[in-house]
1. Can you list the trypsin sites (Lys or Arg not before Pro) in segment B:1-40 that are in a DSSP coil and have 15 or fewer other beta carbons within 10 angstrom?
2. What shape does chain A take by its C-alpha gyration tensor, where a ≥ b ≥ c are the square roots of the eigenvalues and a/c under 1.5 counts as rounded, a/b above b/c as prolate, and the rest as oblate?
3. Let's see if you can work this out: charge +1 on each Lys and Arg Cβ, -1 on each Asp and Glu Cβ, no other charges. What is the dipole magnitude of chain A about its Cα centre, in debye to the nearest 20?
4. Under the definition of partner shielding as Cβ atoms of other protein chains within 10 Å of a residue Cβ, what is the mean value for peptide B:28-34?
5. Which aspartates and glutamates does residue B:255 reach when only Cα atoms under 12 Å apart count, and residues fewer than 8 places away in its own chain are ignored?
6. Using a 1.4 Å probe on the protein heavy atoms only, what accessible surface does residue A:105 show? Give it in Å² to the nearest 10.
7. If you roll a 1.4 Å probe over the heavy atoms of the protein chains, what accessible area per residue do you get for segment B:200-285, in Å²?
8. So which lysines can residue B:68 reach, going by Cα to Cα under 27 Å and dropping same-chain residues fewer than 8 places off?
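The values are calculated or read from the model by the stated rules, or taken from the named source; none is laboratory data. Being a predicted model, the structure only gives us computed values, none of them experimental. Note that each Cβ is placed from the backbone with ideal geometry, even for glycine, and that neighbours are counted across all protein chains shown. Ligands, DNA and RNA are excluded from the accessible area calculation, which covers all protein heavy atoms including side chains. Shrake-Rupley method; radii C 1.70, N 1.55, O 1.52, S 1.80 Å.
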Amino acid sequence: MDFKEKAVVMTAADMNRVMARMASQIVENNPDLSNIILVGIHRRGVPLAERLANKIKEMDSVAVATGTLDITLYRDDLSTVAEQPVVNSTQLPANITGKTIILVDDVLYTGRTVRAALDELIDFGRPHRVQLAVLVDRGWRELPIQADYIGKYVNTTEHEIIKVMLPEYDEDERVIVVETK
Amino acid sequence: MPLHRKDLLGIEDLSVEEINLILDTAETFRDINSRRIKKVPTLRGKTVINLFFEASTRTRTSFEIAGKRLSADTINISASTSSVVKGETLIDTAQNLEAMAPDAIVIRHSSSGAPHQIAKYVNSAVINAGDGAHEHPTQALLDALTIRHNKGKFAGLKVAIIGDVLHSRVARSNAYLLSKLGAHVSFAGPNTLLPHGFEKQFANAEGSVRFAANVNEAIADADVVMMLRIQMERQAGGFFPSLKEYSIHYGLNLKRLSLAKPDAIVLHPGPINRGVEIESDVVDGPYSVILDQVANGVAVRMAVLYLLAGGE
């Protein structure tokens, strides 16, 4: 598939500012930081969760626990996809029961990834609360799911794709809108 | 890279990329087996039939647990309780099962090629769980996962496979897999149980396969020692004089094992004949990874079921 770049949504500096704001909102909403776990959803949610943890550490000198979640085995479209997606590892601290889990992902779109993530979390224990942090909310929800912390809300059409580029996976660091040709 | 095939019938026709994909996927499933809730919804609504024409506890249970942990419905059929005893042919049995629309059929049969035959007649994914003296692909994959965990690599590893190579589908599948990944396999055992000439198939492999002059030579400096089971059910031909003599000349004891590298690991596909092909102090000793093999078996079979029966 060919992509045409349409617009830059955020530069690296914008992303940094936005992450700092999200981190401070998380601190504000969760007085007991020792009870929260930032859980990144594979793939790009994983480095974003680490960054939020770093920001919180800079601000409050508290090392917040982090984890990773791979939702592949919980997808609702597995039986209809032609090729089986590669399964990444899920790594959560020993016991999540009673914790506040903050799920972190790059883009919130249909909400189906978050639905799968919630199902998977429940198999690991019974968290006290689950919150959701996303860098970009692009609308087009298909399930009643909303984020608690949003980096930026972006109006999109159905044919557009939001690409979050992170140095961990890409050659660049920015957020762009591309259109499928 | 996905697995572009309907069936898993053997290691011989798998590419290195496909082998690595299965092993990498199995790695993730190992984690699931250590979770509090050892079940994921991935194969919900799918049906897996275990069709076993030969006795098996480990492999059948392993496939059954693998299917159940992926939320598939698993059904076990063994030959003694099936219509085979009433004279139904293999193909008829397969087509009748197919009519009930399973998503995967796992088959073990005493005849080499039986799963291949069935695969031609059914749309379900067919997984070979051991066919005669031909192949046992998931066993080789779980052995590989165990070796990878302990050694971190395959290239250049020295692997001794000792015992009844002639009747062993485990030996055959392992020879294909290990030589593809660059390991050097040495077979040894009673001459009557070594299929000389078999090594010619591996002339172009990344690694190598050869027959050692004797057991001690095969084990010398080995990173991995894999003992094969003496298959009592296939020894009517009088291939060796007695079990006692077999144990003395070909069995693995601590003295013989001391010839291998100090950090060598010992594998055995089970069931073990203690005191015949392997002494108890080796089985229960620190080199033994025999129970890790069993644990890895569930993960490997989950990976294979996920990759073959997961999609449309």
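1. Within segment B:1-40, the qualifying trypsin sites (Lys or Arg not before Pro) (loop, at most 15 other Cβ atoms within 10 Å) are B:5, B:6, B:35, B:36, B:38, B:39.
2. Taking the square roots of the gyration eigenvalues as a ≥ b ≥ c, chain A is oblate.
3. Details: 21 positive and 28 negative charges, 78 e Å.
My answer is approximately 380 debye.
4. Working: counts 8, 2, 1, 5, 5, 0, 0.
Shielding by partners across B:28-34 averages 3.
5. Straight-distance partners of residue B:255: B:279, B:281.
6. That residue has around 20 Å² of solvent-accessible surface.
7. 49 Å²
8. B:6, B:38, B:39, B:46, B:120
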